Structures are given as C-alpha cells and as structure tokens.
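A.B. asks: Sending over a structure as structure tokens; questions will come in a sec.
The values are calculated or read from the model by the stated rules, or taken from the named source; none is laboratory data. No experiment lies behind these values; they were computed from the predicted model shown. With ideal geometry, Cβ positions are generated from the backbone for all residues, glycine too; neighbour counts draw on all protein chains shown. These accessible areas exclude ligands, DNA and RNA; they are computed on the full protein's heavy atoms, side chains included. Shrake-Rupley method; radii C 1.70, N 1.55, O 1.52, S 1.80 Å.
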Amino acid sequence: EDDEQQQKMLADLEHMEKMVFSALSFARDESAREPVAMVDFRTILHRVCDDISDAGFQVSPEIDDDEALPYNCRPVALRRALNNLVENAAKYGGEARVTMTKRADAIVVTIDDEGPGIPDDRREDVFKPFFRLETSRSRETGGTGLGMTVARTIVRAHGGDIILSNRAEGGLRMEVTLPML
C-alpha cells in the first residue's frame, strides 16, 4: 500500500531480472566463446567426482578406465555443468553415484542420489533461474538456484539434454545425454 515501498520493490525485481539475464547470458556466452577441444571425457568426469569428494561430499564414480574416450567439446563449460549436477546430487541427496555409458551416438552420464526425489510437477521448475526446492533463504543450504539452469544451458549448447526422474527405490536420477559429434 505504501507507494515508496512499492517502487523500491519494483526496482528490486527489475534488478533481479537483470541479474538472471546476465547470469544466463554469461553461461551461454562462456560456453559459446570457449574454443572447442578434443578431450578425454572420462578424465573430465573423474576430476569432477574427485573435486566434489575432496570437498567432503560422498561421491561414488563407476567409470571404467579401460581407454580414453575422446570427446569434442568446450571442456571448461562442460566440466562446470557436470560439477553442478554431481554436487547437487551429493549435497541434497546425500550421495552421488555417477556412471557413464558410451553408445554409438552419445555419451550418457547417470547421476543417482539418495534424496527425496522431486515431485513430478516440480521437475521442470528446477531448471528455472533462482528456483530452489530447498525453502530456506540460506545460500549455504540452498545455493542461488542457478546451478541446474546453468548446467542445462551448457549441456544443450553441446546438443544434449538433461532428464530428471525419481527412482523406484528412492532418490533422484539425472541423466545427461551428450551426442557424439
């Protein structure tokens, strides 16, 4: 009802909208500007798992090490996307079990956790900027709500996608499919 407070609130909302746009633009631009390079995908995935484990989270990688898996990508951006996903699973789901499958046409990374899962009607919401299932306003417990948005933006920039599903035995499954280019 207070006009002055209403104007301040509208200004805050406009500022937040600009922040969202900037963050998403940054993720898109970062991914697009980074040069494409041939890397060993298994090494990237192992490093992500090792880094998150070193930060004190429970991560169980099941990635065979038989041979290198050459993959043409933007490695810094892709590592950031995978890091966001594995860290979310470990942080909010108690543990991240990471598996990788190579198909003729794609690489599929599956990340399972032991958390409560996500209600069917909220799965798409987690990809919206600043959306958090964790309802506290603490950034320590809930983050900023951009990790999943950035991850999907980067994966889609590589021609792939992320599918979320609740596991029958409990927990969430994140399946990342990246096409072999």
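A.B. asks: What do you reckon, is V86 crowded, with 19+ Cβ neighbours inside 10 Å, at pLDDT 95 or above and in a helix (DSSP H, G or I)?
C.D. replies: Yes.
A.B. asks: Still on this structure, please answer the following. Exactly one condition in (1) open to solvent by 30 Å² or more (accessible area, probe 1.4 Å); (2) closer than 23 Å to E175 by Cβ; (3) part of a strand (DSSP E or B); (4) at pLDDT 95 or above is not met by S53; state its number.
C.D. replies: (3)
A.B. asks: Any residue in the range 3-16 that is farther than 30 Å from D64 by Cβ, at pLDDT below 75 and open to solvent by less than 40 Å² (accessible area, probe 1.4 Å)?
C.D. replies: For the range 3-16, residues farther than 30 Å from D64 by Cβ, at pLDDT below 75 and open to solvent by less than 40 Å² (accessible area, probe 1.4 Å): absent.
A.B. asks: Another question about this same structure. With (1) hydrophobic (A, V, I, L, M, F, W, C); (2) at pLDDT 95 or above; (3) over 13 Å from the mean Cα position of the chain (by Cα); (4) within 17 Å of I52 (Cβ to Cβ) as the list, and V76 as the residue in question, which single condition is left unmet?
C.D. replies: Exception for V76: condition (2).
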